[in-house]
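Every read-out reported here was derived from the displayed coordinates using simple, explicitly stated rules and does not represent laboratory data. The structure presented is a predicted model; accordingly, all values stated were derived computationally and were not measured. Every residue, glycine as well, gets a Cβ built from its backbone with ideal geometry; the counts of neighbours run over all protein chains shown.
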Amino acid sequence: MSPRVVKPGAIGQPFSRVDGRLKTTGKATFAAEYNIDDVTHGALVFSRIARGKIKHIDTRAAANAPGVLSVLTHENAPAMKPTAVFGEESDQPGAASSSIPYLNTDEIYFYGQPIAVIVAETLEQAEHAATLVTVDYAEQEAKLSLTTEKSHAVVPANVLGEPADLNLGDAAGALAAARYKVDNVYSTPPYNHNAIELHATLAHWSEDETSLTVYDATQYVIGIQEMLATKFSLAKDHVRVIGSFVGGGFGGKGNAWAHVSLAVAAAQVVKRPVKLMLSREGVHLTVGGRTPTEQRVALAANDDGKLTALIHTGFTQTTAHNNFPEQFTFPARHLYKSANIWLRQEIVHLDIVPNTFMRAPGESPGTFALESAIDELAHEIGMDPIALRARNEPEKDPVQGLPFSMRNITEAYRVGAEKFAWSKRHAVPRTVRDGRYLIGYGVATAFYPAYQFPAAAKVEMHADGTALAQSAMHEMGMGSATAQAQNLADELGLAFDKVRFEYGDSLFPDAPVAGGSNSTISVGAAVKAACDAAKKRLHGLACADDASPLIDTRYDEVECRDGGLYRKDDATQGETFAAILQRCAMDKIAAEGKAAPSEGQKYSMGSYGAQFCEVRVDEDTGEVRVSRFLGVFDCGTIINPKTAVSQWRGGITMGLGMALTEAALFDVRRGHIVNPSLAEYHVPVNLDVPKIEIHFLDIPDPQTPMGAHGIGEIGITGVAAAVANAVFNATGRRIRDLPITLDKVL
Ligand code: MOS
């Protein structure tokens with residue numbers, strides 16, 4: 001950890017997580033762990049073809065199996081209204097993962113599409129009955145291969161609001177004319193989130209069927225609430241969605257997948273609560289992951305290493321019923337200055353489970369390709385890769401032309417190079433060896449945009465000198481609850497142990513999806529607004545009261561500290577919240593606040609980092625072991641160094657998985673993943689992960705709330721490239737296809 005300046009408030013202190021004790025003692029309740037009287041259990045039946053129609057579905061044996069209460073199919077399921085899909089232009093909530101009307105259609109759009117729901121007294125009975133359903137399909141030819149369908153690729157209307165095809169200058173011409181150039185294709189496989197907690201929905205209707213309570217493993221309680229209200233024709237405030245704890249999301253719980261509305265429909269039919277937890281295979285069948293990518297990066301430079309062309313184009317796969325292009329060209333829009341830039345994303349529509357956000361969507365595969373290419377160019381020119389990056393550091397955003405709100409990437413590299421002892425690197429590959437191990441160093445840039453979304457919060461100041469804030473945000477292991485409690489404490493001038501933060505419930509003021517690393521600043525700004533309103537109200541009581549030492553003060557003449565309001569010009573003059581409230585015979589004062597990013601963005605806002613990797617490669621087997629990893633992050637003010645370091649370390653660990661072990665093996669003949677288990681989908685385990693050293697700059701961004709940035713996703717970015725670059729430095733083998741397995745190294 002970096003040496004720290006001691007700060008006066010809670011922000012910047014390494015508090016342990018407020019939910020840590022609950023989680024480590026097993027007292028945190030996850031969606032599938034809630035117990036409701038009379039609960040029933042659901043199980044899904046999945047399509048075993050990828051495209052076609054259901055000709056006939058025979059549910060008689062299932063319906064007659066022990067304990068079965070109902071079998072829902074497209075023939076008898078309640079009609080559910082269509083809702084907008086994420087990324088669709090619409091006034092409706094866009095929380096749905098797909099526009100497929102599950103169980104309201106006989107059409108099959110992908111292998112694994114739920115085609116029936118069994119409801120039974122026990123989970124075992126439901127799962128058994130699900131095996132008894134037989135289906136006759138009218139099968140159609142399915143499009144399942146990115147490679148085969150590439151000739152039908154299309155350029156989407158936009159990529160998360162940015163142009164999908166962007167041409168500045170003449171990149172092709174500059175490439176052709178350049179002295180130094182690299183021009184290669186990089187590929188990444190499909191991935192799945194594989195959060196430990198399986199997706200689960202527990203749906204409970206009121207007896208009169210006018211209101212609905214849902215416990216859901218979700219990153220977006222408000223999105224689920226709005227979607228279900230529309231689907232089932234309920235008023236929004238008649239739907240309550242609770243997602244107090246989430247056992248890992250990584251984007252996989254950012255949208256509503258099929259089981260969410262199907263659990264609600266099933267509960268409506270059986271008139272009892274239904275708990276529907278997916279199996280691990282069920283997650284791989286019905287919850288989409290990250291698309292594979294095929295990316296071309298071409299770079300050209302003149303003698304002094306200045307880029308004359310930057311080309312980043314390529315393909316991803318998606319479906320006709322969702323909108324997620326995987327923004328792999330985003331890093332190339334912001335990282336390097338080049339007179340000529342050409343960026344283009346194309347999408348191929350397939351008959352597969354819809355893809356979605358996963359662990360820095362876009363930036364993860366995008367930085368693998370771009371940051372590998374930069375390393376390749378450095379090698380071509382014979383320049384140090386850090387020096388090459390510094391040579392091409394832009395003064396303003398290369399594509400938007402806007403000034404950067406904050407950017408200390410060169411400083412991140414300076415700190416990293418020193419701590420990692422980068423100067424010990426040998427530029428010539430295959431130079432350093434320790435017995436049969438070849439040793440190499442690699443470096444790459446980490447990048448993730450700094451997003452703020454609209455959010456709201458409520459604050460209560462209590463007469464006993466404590467405070468409570470509520471917002472429908474999420475805590476899925478990131479440390480959000482702890483960071484917001486620190487923010488709340490500082491806004492109200494209270495000690496950290498005098499405040500509490502409640503979240504994960506749609507009863508609380510609206511908060512955005514826990515995605516895009518937005519929570520800290522989005523919710524943080526809303527908490528600040530709510531605190532401002534509450535403090536003004538409290539001051540309003542005091543300044544009009546003859547009995548108060550604050551009589552006739554203006555709000556800007558007082559400050560909030562030590563559980564009270566005090567004059568700025570005379571620290572002895574003031575009084576506690578308790579005194580003010582008690583005199584007014586009030587036990588608390590409450591206020592709501594809202595915040596949104598300012599209109600008309602005037603800055604290019606991103607977080608940056610420098611990732612350093614050392615590998616040891618077994619020359620005989622090709623096995624790559626990461627022996628050291630170090631990251632330096634430039635993400636604005638760090639609210640909590642303890643949870644922040646943990647976030648980055650987690651992100652880097654995910655990056656090591658991406659680099660070396662992870663891949664969803666997709667059978668392009670049938671259309672499904674053939675390794676749907678944690679035994680066969682290899683996330684990194686302890687022995688795969690070396691000590692990860694983290695440093696951070698802690699330089700505030702003057703344009704963001706608290707000077708902070710969200711930091712959840714940047715950790716993974718650049719890691720796969722740093723590993724691939726280290727493998728090249730160790731062995732002379734350039735691997736452009738992830739994961740870097742030993743067969744590719746040999
Ligand atoms: Mo994150 S992949 O935006 O949940």
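Brief remarks follow.
- Calculated FRET efficiency, residue 39 to residue 414, Cβ-Cβ distance, R0 = 51 Å: about 0.30 to the nearest 0.05.
- Cα→Cβ-extended label distance, 7 Å offset, between residue 464 and residue 495, nm: 1.5
- Between the stretch 545-577 and the stretch 69-99, the C-alpha centres lie 54 angstrom from each other.
- Residue-wise HN-Hα coupling along the stretch 726-736, computed from phi with Karplus coefficients 6.51, -1.76, 1.60 (Hz; x: Gly, Pro): 5, 5, 5, 5, 6, 10, x, 9, 9, 9, 10
- Applying the Karplus relation 6.51 cos²θ - 1.76 cosθ + 1.60 with θ = phi - 60° to the stretch 420-425 yields 3J(HN,Hα) values of 8, 6, 4, 4, 7, 5 Hz, where x marks Gly and Pro.
- Cα lying deepest toward the dipole's positive end in the chain, options 343, 358, 114, charges on Cβ: 343
- Segment residue 424..residue 48, full-extension length gain: 129.8 nm, with 0.36 nm per residue of separation and the alpha-carbon distance subtracted.
- Rounded to the nearest 20, the Cβ-based charge dipole of the chain about its Cα centre (Lys and Arg +1, Asp and Glu -1) stands at 1440 debye.
- Rounded to the nearest whole Hz, the Karplus-based 3J(HN,Hα) values (6.51 cos²θ - 1.76 cosθ + 1.60, θ = phi - 60°) of the stretch 237-243 follow the sequence 7, 9, 10, 10, 10, 10, x, with x at glycine and proline.
- Short-range pairs are left out: with C-alpha atoms under 8 Å and at least six residues apart, the relative contact order of the chain is 16 percent.
- Distance between the 7 Å Cα→Cβ label points at residue 296 and residue 209: 5.7 nm.
- Only helices enter this figure: runs of n ≥ 4 DSSP H residues, each worth -39500 (n - 2.57), summed and divided by the residues of the chain, yield -7500 deg cm²/dmol at 222 nm to the nearest 500.
- Pair residue 599, residue 185: separation of 7 Å Cα→Cβ label points (nm): 4.7
- Stretch gain in nm, segment residue 91-residue 306, where the contour uses 0.36 nm per residue and the Cα spacing is subtracted: 72.8 nm
- Mean Cα-pair separation over length for the stretch 280-375, i.e. relative contact order, pairs under 8 Å, 6 or more apart, %: 34
- Percent of beta bridges antiparallel (DSSP, the chain, rounded to nearest 5): 75
- Between residue 665 and residue 79, the contour length at 0.36 nm per residue exceeds the Cα-Cα span by 207.4 nm.
- As a rough guide to protection, the peptides 360-371, 691-702, 551-562 ranked by mean Cβ packing within 10 Å, highest first, stand as 360-371, 691-702, 551-562.
- Amide H partners (placed H, <5 Å) of residue 505, local residues excluded: 243, 473
- Under conditions of 37 °C and 0.692 mPa s, the chain yields 120 µm² s⁻¹ as its translational diffusion coefficient, taking Rh as the Kirkwood radius over Cα pairs in the Stokes-Einstein equation.
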